[in-house]
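Step one of this worksheet: look at the structure below.
The values are calculated or read from the model by the stated rules, or taken from the named source; none is laboratory data. A quick note: this is a predicted structure, and the numbers were derived from the prediction, not measured. Cβ sites come from the backbone with ideal geometry, for glycine too, and all protein chains shown count toward neighbours. Protein only, heavy atoms only, side chains kept; ligands, DNA and RNA dropped before computing areas. Shrake-Rupley method; radii C 1.70, N 1.55, O 1.52, S 1.80 Å.
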Amino acid sequence: MAVDILLGLQWGDEGKGKIVDFIAPKYHVVARFQGGPNAGHTLEFDGIKHVLHQIPSGIFHENITNIIGNGVVLDPLIFRKEIDGLSKFNINFSKNLFISKKAQIIIPTHRLLDVAMEKAKGEGKIGSTLKGIGPAYQDKVARQGLRVGDILNPNFKERYYKLVSNHKSILEFLNFSFDSDLGGIKDFEKYNFEFAAIESDFFKAIEFLKTFNLVDSEYMINDAIANKKLILAEGAQGSLLDIDFGSYPFVTSSNTMTAGACTGLGIAPRNIGKVFGIFKAYCTRVGSGPFPSELLDADGETLRKQGNEFGSTTGRPRRCGWIDLPALKYAIMLNGVTNLLMMKADVLNEFDEIKICTHYKLSNGSLVDRLPYDIVEEKIEPLLKSVPGWNCSLAGISDATKLPTQLKSYIEYLEAELQVPITLVSVGPDRVETILRETAITI
Ligand code: GDP
Ligand code: IMO
Ligand code: MG
C-alpha cells in the first residue's frame, strides 16, 4: 500500500509534528489533508525548535516532496509568515513544496467572522483558535469559497470583493465592531484596526503565493502512487475534534480522521496502508467542550507544568487529565489504527501513581466503555484504575528493553485494552528522544 496516515487520537497536540519529522525519511511525499493554521506542529532537532502551521512536517528533509492538499484551508498571510520563518533553513521550496489549487483560501474577513461568531455564542463558545477555520469551511460547503487556483484568474479580485461584501453583511448583523472586538486576534493588532491595511497585505501575500508550485495535487499524488512512491498523510487536530465524530459542537470544522485523508488528498481507500494513531500517555484539550477525565487539581497542574502544556498556536494553557480508554477505543475503531504511538511518557515521571480512565459512569448509573451520544449534556463520571508510576527519569534511554518495569507494564496494559500494538514510545520533545519497541517490525 502506498499511503500511510499519521493522525491524532485525542483532542490534538499529541505530538504529530515530532513523529512526522521522525518517520519522514521513510517516505517520498508528506501531505497535509485538512485543517489549516489552527494546527501548530512542533519539531525539535539539532537544538532547533520550530512550529509549523500549514506547511507539512516533512519540510526539513531535503528529498521529500511536501504537499498541502485540497482538504486544507490556507491563509496566505500566515503562509507568507511561515515561509519567512523558514528562510534561515535553506529549504528549496520550488523543489519541495506543492500546494493544491483546490485548497480553500482563508481571507481576512473569515477571521473577523470567527471572532464575531464566537462572541455571539457567549458562554457556549467553542474556544476556536480564531484563525477563520470554521467560516472558511462554511464558505466551501456553501459553494462560494475561493480556492488557491482562483488567484491565477484575472477575475480573482472581483470574486474576492463579492465574498467580502457578503461577509460584511453578516458581520454587521452580528454587531461586530472592528475597534472593540479585534483584541482576540493578536497578529491583527499591528494593523491598528485598519481593514484597508490588512487587505493590502493580503493581496501582497496572494502575489507571493503565486510564486509557489500550485498544482492539481490529486494527480500528483496518484502519479506518485502509480510510481510506487511512499506517501505519508499528516493529520491535524485530533479524532475527538472531528466534525462528524468529535464532541460536537465543540469540534473543528473538518474530518480529522483516516476518511478525511481520502477526500482531502484524492486517495482511494484501497491505497491506504498503515494508520499510525498517536496519543499522549495522558490527555489534554484546548478550548471548550467535554473532557471526562479532566483533572482540575494539583495532578492536572503537574501534568501542565511537566508537559509544558500551552498551545503551540495560541499559547493558551491546555486542560489536562488522565488517559481515557473509551475515547481512545472509539478513535481506534473509526480510524482503523494499525500502530499506536505513545507520546510524552516522560511527563508522568514524577507520579507515584498513574490513573487510567477505563469506563464512564453515566447519570443513569450504567457503566460503559463507549461514548454516549450526548457527551456534552451527559454527566460523565470517569471510572479510574490506578497503576504504579516509575518515579525516575527516562533521559538517555534508547532501548525499549531498558524502560522501567512500571512503564513497560503501563504500555502492556494499554496494548491489551486497545488491542493494537504500541510500536513507538516518545520520551522527550527532541527527534532523538524516540524509542522503537522490540515488538515493532517496522513502525
Ligand atoms: P502536534 O500538534 O500534534 O504536532 O503537537 P504540538 O506540537 O502542538 O504539541 C506537542 C508538544 O509536546 C510540543 O511542544 C512538542 O515539542 C512536545 N513533545 C512531543 N513529544 C514529546 C515527548 O515525548 N515528551 C515531551 N516532554 N514533550 C514532547
Ligand atoms: P493540532 O494540529 C488542539 C481546537 C480549538 C477549539 C476547536 C475549534 O496542533 O493538533 P478551530 O480554530 O479549529 O475552529 O477550533 O478545536 N483546535 C485544536 N486543539 N490542537 C489543534 O491542532 C487544534 N486545532 C483546533 O482549540 O477547541
Ligand atoms: Mg499542536
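Assorted remarks:
- Listed residues F351, Y248, F173: farthest to the positive end of the dipole of the chain (Cβ charges): F173
- Accessible area per residue, Å², region 137-258 with all protein chains present, probe 1.4 Å: 53 Å²
- Accessible surface ranking for M343, M220, 1.4 angstrom probe, highest first: M220, M343.
- In the chain, the DSSP-assigned H stretches of four residues or longer account for a calculated mean residue ellipticity at 222 nm of -9000 deg cm²/dmol, using -39500 (n - 2.57) per stretch and the full residue count as denominator.
- Each Lys and Arg Cβ is given +1 and each Asp and Glu Cβ -1; about its Cα centre, the chain then shows a dipole of about 1000 debye.
- With Cα atoms, 0 to 90° folded angle of helix 108-121 axis to the chain main axis: 60 degrees
- Longest to shortest principal axis, alpha-carbon extents of region 371-429, angstrom: 45, 24, 24
- Rounded tilt (10° steps) of 217-226 against the dominant C-alpha axis of the chain: 50 degrees
- Restriction of the GluC sites (Glu not before Pro) in region 338-435 to DSSP coil positions whose beta-carbon has at most 12 other beta-carbons within 10 angstrom yields E377.
- A P(r) calculated from all alpha carbon pairs of region 303-362, with 10 Å bins opening at zero, reads 17, 41, 38, 4 percent.
- Normalised size of region 158-254, defined as Cα radius of gyration per 2.2 N^0.38 Å with N residues, equals 1.55.
- Qualifying chymotrypsin sites (Phe, Trp or Tyr not before Pro) in region 352-443, DSSP loop, other Cβ atoms within 10 Å at most 12: Y373
- Using bins of 10 Å that start at zero, the share of Cα-Cα pairs per bin across region 210-341 amounts to 11, 35, 31, 17, 6, 0, in whole %.
- Compactness relative to 2.2 N^0.38 Å, alpha carbon Rg of region 117-203: 1.17
- Angstrom value of the Kirkwood radius, inverse mean 1/r, which spans all Cα pairs in the chain: 22.4 Å
- Expressed in Å, the radius of gyration and Dmax of the Cα atoms of region 1-103 are 12.8, 36.
- Max mean-square fluctuation residue, GNM over the chain, Cα-Cα springs under 10 Å, options K95, K18, K131: K95
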